[in-house]
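Engineer: My questions will all concern the structure given below.
The values are calculated or read from the model by the stated rules, or taken from the named source; none is laboratory data. Since the structure is predicted, the reported quantities are computational estimates derived from the model, not experimental observations. Virtual Cβ from ideal backbone geometry, glycine too; neighbours counted across all protein chains shown. In case anyone asks, the SASA skips ligands and DNA or RNA and just uses the protein heavy atoms, side chains included. Shrake-Rupley method; radii C 1.70, N 1.55, O 1.52, S 1.80 Å.
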Amino acid sequence: MTFDNAFFLGTLFLYFAALASYAGFLFSNRVVLNRWAVRALMLGFGFHTVSLIRQVFELFQSSAMNLFAVLILFSWSLVLLTLLIQSRVRMRMVMGIVLVLVLALGGIFFGLPRYFDKAIPSFNAFWFGTHVLFSLLGYAAFALSLICGLLYLFLERQLKLKSTNSFFYRLPPLESLELMAFRSLWGGTLLLGLGLASGLLWARWAGLPLSFRDPKVSAAIITWLIYAVILYVRFTARWRGRKVAYLSLVGFLAVLITFFVMNYFSKGHGFF
Amino acid sequence: MGKVETNIQVIGLNHRTAQVQTRERLAFTKAQATACLARVREMGLADEAVILSTCNRVELYHVWDRSDSYESLSQFLSQFHQVSLPDFEKSLYFYRDDEAVRHLFRVASGLDSMVVGEKEVLGQVKKAYFLASSTGATGPLLNVLFQRSFYVAKRLQNETTLHSGSISVSSVAVQLAQMIFGELNTKTILLVGAGKMSEQTVQRLVERGVKGMIASNRSYEKAQALAQKFEGQAVRLDEIHQVARDVDIVISSTAAPHFILHQNEVSGWMKERRQRPLLMIDIAVPRDIDPEVNRLDNVYLYNIDDLKAVADQNFKERLKEQEKADSLVESEVKRFMDRMIKYKSVH
């Protein structure tokens with residue numbers, strides 16, 4: 001077993017332990033379980049980071065990338081952003097869902113080949129790496145925004161219907177969910193913007209035949225525009241809350257299409 | 001496991017066994033409790049003692065290795081308070097060993113209280129214990145027992161939701177406000193009309209640290225009086241549309257025979273307040289706020305029946321939690337008694 005493989009397995013194990021402790025805490029309210037969950041989570045994140053080092057190094061050295069690396073970089077970004085949010089508002093429920101997602105991704109894709117299969121022209125690898133990193137952070141922020149948005153929609157509905165149960169009281173306050181969804185939307189739009197810009201710069205300098213007519217590039221730009229519109233609507237306070245949450249569902253659908261589906265149509269951008 | 005004899009005993013009466021006129025005659029002031037703790041031990045009626053005297057209960061926890069302690073202590077109480085024994089004997093209960101341990105654990109955790117799950121009683125038990133220990137009335141057994149009861153009470157607070165889940169209308173309103181806004185310290189209340197329940201709700205919200213309150217009433221003087229009470233500001237009834245932009249929680253309880261707030265008005269408010277969420281609580285009967293308002297985005301309207309429904313729901317949840325709490329206390333009693341066996345076998 002390779003070095004980063006071992007660390008990645010350790011990551012999955014620790015995340016699972018954290019998730020189980022959170023679930024136990026939600027069920028029994030034993031404070032000690034919460035403490036264990038936080039410890040397992042932090043340690044797991046450390047393992048996660050270590051398991052990424054080689055891949056990120058390769059990425060910035062020789063533009064090497066594969067689907068597996070993309071997915072663990074994505075899940076790392078997701079955990080990182082959630083941790084950043086959680087330092088401000090207590091959101092165990094959000095972290096729990098993030099962990100389920102990360103574990104599912106890790107479990108499903110663990111068997112993916114690790115070799116770096118696509119040789120991408122390696123000059124200006126730095127800009128390429130920046131492009132990948134920022135884009136993935138952006139997508140992770142959108143995923144986080146989606147999770148907060150879905151929880152928001154659930155709680156909103158409960159409040160409108162006036163039906164309460166014990167699960168209801170364990171959710172974060174409505175306004176915090178909305179704020180977190182909005183902040184990650186905002187951050188995601190910024191990060192994906194940087195990712196797109198650095199990607200275009202890199203393609204230009206690399207002299208690649210990558211143009212706006214490439215399906216993946218245009219899909220990414222459309223995705224970005226959708227989020228920009230959502231931000232505009234929210235900033236001007238035309239809409240807020242429920243409608244914005246629904247819009248961000250549409251936005252995330254665009255993310256999924258850009259991220260997975262468009263690779264089959266794109267010639268110049270078909271890595272991983 | 002046979003019956004473990006710890007000699008821990010409790011004699012007393014509470015809100016369930018005695019009327020208030022009996023409880024008040026047997027209640028101890030702090031000075032009386034101090035005197036009584038000394039007397040009990042001087043007279044050789046107990047080796048260790050703690051007196052817990054609150055408005056709902058009078059209890060004497062003690063350690064004594066004689067079996068007739070019930071007779072001697074009930075007589076002692078009668079003499080101390082100069083109340084004839086037949087007047088209160090029927091109200092007395094007496095527990096020993098694991099029953100006494102269980103009783104204290106339940107009392108400290110609020111399971112034996114009039115409002116099950118209340119937390120104040122823990123503070124009262126602590127005070128009673130510290131008074132006794134500061135006068136040297138406690139020893140190894142009661143020290144361990146009372147410290148343990150604080151731990152059990154804390155565990156119950158942490159591990160059951162017996163203490164959360166509001167079951168009164170005004171506290172449900174506070175709970176809803178917290179579900180929507182989280183922290184309330186940047187929020188402002190608008191109170192329209194007056195009334196006991198609405199003022200109680202404002203009071204609770206003020207206790208939770210809301211930033212400000214605005215009172216409005218058909219009679220401006222009344223509004224001013226309310227504003228003064230809660231250190232807020234008063235506006236005339238027709239001015240509420242001007243302040244609506246800055247309020248987050250509206251509590252309405254006027255005596256108006258028809259709706260005083262309609263959907264189009266509140267819709268206008270929402271544009272003004274840039275769609276920030278608004279909690280509206282309509283306590284009035286007949287209702288003050290058009291129920292259609294609840295259809296507006298980011299507006300959450302609850303009338304008195306809605307609040308009662310939430311309270312009932314919470315009450316059901318609380319009953320479920322009660323079972324959990326009971327079994328938790330049971331396991332703690334067992335743990336304590338097991339420790340007593342070890343303690344006895346060493347000493």
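Engineer: If I filter segment A:46-70 down to residues being surrounded by 19 or more Cβ atoms within 10 Å (Cβ to Cβ) and of a type in the set (Phe, Trp, Tyr), which single residue comes out as modelled with the highest pLDDT?
Structural biologist: Checking each candidate, the answer is A:Phe47.
Engineer: Moving to a separate point now. Working only within segment B:257-293, note down all residues that are within 22 Å of B:Lys187 (Cα to Cα) and without any contact (Cβ under 8 Å) to a residue 12 or more places away in the chain.
Structural biologist: Result: B:Lys271, B:Arg274.
Engineer: While we're looking at this one, here's another question. Can you work out which of the residues in segment A:19-33 that are under 15 Å from B:Gln157 (Cα atoms) and open to solvent by less than 40 Å² (accessible area, probe 1.4 Å) is nearest to the other protein chains (Cβ to nearest Cβ)?
Structural biologist: Ranking the candidates gives A:Asn29 first.
Engineer: Can you name the number of the only condition in (1) farther than 28 Å from B:Lys119 by Cβ; (2) within 14 Å of another protein chain (Cβ to nearest Cβ); (3) modelled with pLDDT of 90 or more that B:Leu190 fails?
Structural biologist: It fails just one condition, (2).
Engineer: Only residues that are without any contact (Cβ under 8 Å) to a residue 60 or more places away in the chain, open to solvent by less than 30 Å² (accessible area, probe 1.4 Å), away from every other protein chain (no Cβ under 11 Å) and over 15 Å from the mean Cα position of the chain (by Cα): list them for segment A:146-192, please.
Structural biologist: A:Leu151
Engineer: Here's another thing I want to ask about it. Failed condition for B:Asp297, given (1) part of a loop (DSSP other than H, G, I, E, B); (2) away from chain A (no Cβ under 11 Å), with all others met?
Structural biologist: Single failed check for B:Asp297: (2).
Engineer: Give me the pairs: first residue in segment B:301-317 and at the interface with chain A (Cβ under 10 Å from one of its Cβ atoms), second residue of a type outside the set (A, V, I, L, M, F, W, C) and part of a helix (DSSP H, G or I), beta-carbon distance under 6 Å, and six or more apart or on different chains, which are they?
Structural biologist: Partner pairs satisfying both residue conditions: B:Leu301/B:Asn294.
Engineer: So B:Lys271 passes all but one of these: (1) over 19 Å from A:Glu178 (Cβ atoms); (2) within 12 Å of chain A (Cβ to nearest Cβ); (3) in a helix (DSSP H, G or I); (4) not β-branched (Val, Ile, Thr). Which condition number does it fail?
Structural biologist: (1)
Engineer: Right, something else. Looking at (1) in contact with a Leu (Cβ under 7 Å, 6 or more places away or on another chain); (2) modelled with pLDDT under 90, which is the only condition A:Ser28 fails?
Structural biologist: Evaluating A:Ser28 over (1) in contact with a Leu (Cβ under 7 Å, 6 or more places away or on another chain); (2) modelled with pLDDT under 90 leaves (1) as the failure.
Engineer: Of the residues that sit in segment B:1-35 and are of a type in the set (Gly, Ala, Ser) and not in a helix (DSSP H, G or I), which one is modelled with the lowest pLDDT?
Structural biologist: B:Gly2
Engineer: Test of understanding: among B:Arg208, B:Arg236, which residue is at pLDDT below 90 and surrounded by fewer than 23 Cβ atoms within 10 Å (Cβ to Cβ)?
Structural biologist: B:Arg208
Engineer: For segment A:163-183, name all the residues that are under 16 Å from B:Glu317 (Cα atoms) and part of a loop (DSSP other than H, G, I, E, B). Give the steps one after another, and end with the answer.
Structural biologist: Going through segment A:163-183, the residues under 16 Å from B:Glu317 (Cα atoms) turn out to be A:163-170.
Hits for segment A:163-183 are A:Ser163, A:Thr164, A:Asn165, A:Ser166, A:Phe167.
Engineer: Would you pick out the residues in segment B:279-294 that are of a type in the set (A, V, I, L, M, F, W, C) and within 11 Å of chain A (Cβ to nearest Cβ)? Show your work before the answer.
Structural biologist: We begin by selecting, within segment B:279-294, every residue of a type in the set (A, V, I, L, M, F, W, C); these are B:279-281, B:283-285, B:289, B:293.
Passing the criteria: only B:Leu279.
Engineer: Then there's this: Under 6 Å between Cβ atoms, at least 6 apart or on separate chains: pull out the pairs that start in segment B:61-79 with a residue that is crowded, with 19+ Cβ neighbours inside 10 Å and end on any residue that is assigned to a helix (DSSP H, G or I).
Structural biologist: These pairs meet every condition: B:Val63/B:Leu141.
Engineer: I would also like to ask the following. Looking at B:Phe130, B:Phe146, B:Phe150, can you tell me which residue is more than 30 Å from B:Tyr220 (Cβ to Cβ), open to solvent by 40 Å² or more (accessible area, probe 1.4 Å), of a type in the set (Phe, Trp, Tyr) and modelled with pLDDT of 90 or more?
Structural biologist: B:Phe130
Engineer: Tell me which residues, restricted to segment B:178-205, are part of a helix (DSSP H, G or I) and either in contact (Cβ under 8 Å) with a residue 40 or more places away in the chain or open to solvent by less than 30 Å² (accessible area, probe 1.4 Å) (or both).
Structural biologist: Narrowing segment B:178-205 to residues part of a helix (DSSP H, G or I): B:178-181, B:196-205.
Scanning segment B:178-205 gives B:Met179, B:Ile180, B:Phe181, B:Met197, B:Ser198, B:Thr201, B:Val202, B:Leu205.
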